[in-house]
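The values are calculated or read from the model by the stated rules, or taken from the named source; none is laboratory data. Given the structure is predicted, the values throughout are model-derived calculations rather than measurements. FYI the Cβ positions are ideal-geometry reconstructions off the backbone, even for glycines, and counts take in every protein chain you see.
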């Protein structure tokens, strides 16, 4: 399957990379909420801040991995033609 590059695969990988970037952007809201609830004292352990930072790392890793896969598919498709 990996040896058969096609445009639908490239678009799918690009879409997943954009979803990863959206997840990383959304996680900043989670982390800011974690900072706020830590300041007002309702979340003493800082779990929400930790969740926001972990979600940000997952989103950035997801975006990087799928962008890499899309670029390798584009490179293979351009060499094929």
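Residues of the range 51-81 that are more than 13 Å from the chain's Cα centre (by Cα), loosely packed, with under 14 Cβ neighbours inside 10 Å and in contact (Cβ under 8 Å) with a residue 12 or more places away in the chain: 80 alone. Looking only at the range 5-28, residues that are in contact (Cβ under 8 Å) with a residue 60 or more places away in the chain, in a helix (DSSP H, G or I) and farther than 24 Å from residue 54 by Cα come to 3 in all. Within the range 39-49, the residues that satisfy the criterion of being surrounded by fewer than 13 Cβ atoms within 10 Å (Cβ to Cβ) and either at pLDDT 90 or above or at negative phi (or both) are 39, 40, 42, 44, 45, 47.
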